[in-house]
1. Could you look through region 123-169, keep only residues that are polar (S, T, N, Q) and without any contact (Cβ under 8 Å) to a residue 40 or more places away in the chain, and pick out the one that is nearest to the ligand (Cβ to nearest atom)?
2. Given 64, 100, which one is among the hydrophobic types (A, V, I, L, M, F, W, C) and buried (at least 16 other Cβ atoms within 10 Å of the Cβ)?
3. Out of the residues in region 171-190 that are in contact (Cβ under 8 Å) with a residue 12 or more places away in the chain and not β-branched (Val, Ile, Thr), state the one that is surrounded by the most Cβ atoms within 10 Å (Cβ to Cβ).
4. Could you tell me whether residue 168 is in a loop (DSSP other than H, G, I, E, B), modelled with pLDDT of 90 or more and surrounded by fewer than 16 Cβ atoms within 10 Å (Cβ to Cβ)?
5. Does residue 46 count as on the phi > 0 side of the Ramachandran plot and within 17 Å of the chain's Cα centre (by Cα)?
6. Which members of region 70-117 meet the condition of being closer than 22 Å to residue 42 by Cβ and of a type in the set (A, V, I, L, M)?
7. Looking at region 171-193, which of its residues are of a type in the set (A, V, I, L, M) and assigned to a helix (DSSP H, G or I)?
8. Hey, residue 106 hits all of (1) modelled with pLDDT of 95 or more; (2) under 27 Å from residue 4 (Cα atoms); (3) surrounded by 17 or more Cβ atoms within 10 Å (Cβ to Cβ) but one; which does it fall short on?
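The values are calculated or read from the model by the stated rules, or taken from the named source; none is laboratory data. Everything quoted here is computed from the prediction, not taken from an experiment. Virtual Cβ from ideal backbone geometry, glycine too; neighbours counted across all protein chains shown.
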Amino acid sequence: MSVKRITICGEPILRKKCRNVQNIDQELIKLLDDMAETMSKRSGIGLAAPQVDEDIRVIVAGELPEGDEEEEEITLHRLINPRIIEQEGEVEGIEGCLSLPTLHGTVLRPGRVVVEAITPDGDEVQIEGEGLLARCLSHEIDHLNGTLFIDRVEEDSLAWMVPDEDEESGYRWVATTIEEARARFEKLIEKRRENQ
Ligand code: ZN
């Protein structure tokens, strides 16, 4: 398994409508493993293929254990051609995205979703998610259609999470706008290009 480079808001692949997967082959299995590795290294709870520069419909989504037993591992769903077949309710929650580093904002998401998908073994599955898992599945499936959380965010809630040793939490929030965020990510992309 290897850790992949994560694409940044402003790179065209994040705005593409991704293709359905036709064949499950070794290359696809490796991609899913690399996505799982990349997600856990970067402390994400979900990742979609365009975030590792692939325009195909696959996602990984972590399901946190119920209760607060710290030792329990998260369950990782590797999903091919996922689609939401049922959704219910609307819940506000704070969201971030590895492709929009340190940016957060409030997004309305369904409180419950049922997702139909194919597993790497070729089996058709239905996954029901509530709360954080519903949010994660909805966010990742959005990526496959070129939609980012800033397209759905309540704009006056947008803020950067800035490390700050003086704060008890270790960080503070700095309010921003979509335009300012876009400009900052453009600069980040430029900087990466220069360093290549
Ligand atoms: Zn994301």
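1. Of the residues in region 123-169, the ones polar (S, T, N, Q) are 126, 138, 145, 147, 157, 169.
Those left that are additionally without any contact (Cβ under 8 Å) to a residue 40 or more places away in the chain: 147, 169.
On the way: 147: 10, 169: 22 Å.
My answer is 147.
2. 100
3. Residues of region 171-190 in contact (Cβ under 8 Å) with a residue 12 or more places away in the chain: 173-178, 181-182, 185-186, 188-189.
From what is left, the residues that are not β-branched (Val, Ile, Thr) are 173, 175, 181-182, 185-186, 188.
Details: 173: 15, 175: 10, 181: 21, 182: 14, 185: 19, 186: 14, 188: 15.
My answer is 181.
4. Values: in a loop (DSSP other than H, G, I, E, B): yes; modelled with pLDDT of 90 or more: yes; surrounded by fewer than 16 Cβ atoms within 10 Å (Cβ to Cβ): yes.
In short, yes.
5. Numbers: on the phi > 0 side of the Ramachandran plot: no; within 17 Å of the chain's Cα centre (by Cα): yes.
No; evaluated as a whole, the condition is false for this residue.
6. If the condition is that a residue be closer than 22 Å to residue 42 by Cβ and of a type in the set (A, V, I, L, M), then 74, 76, 79, 80, 94, 98, 100, 103, 107 are the ones that fit.
7. Of the residues in region 171-193, the ones of a type in the set (A, V, I, L, M) are 174-175, 178, 181, 183, 188-189.
Selection gives 178, 181, 183, 188, 189.
8. (2)
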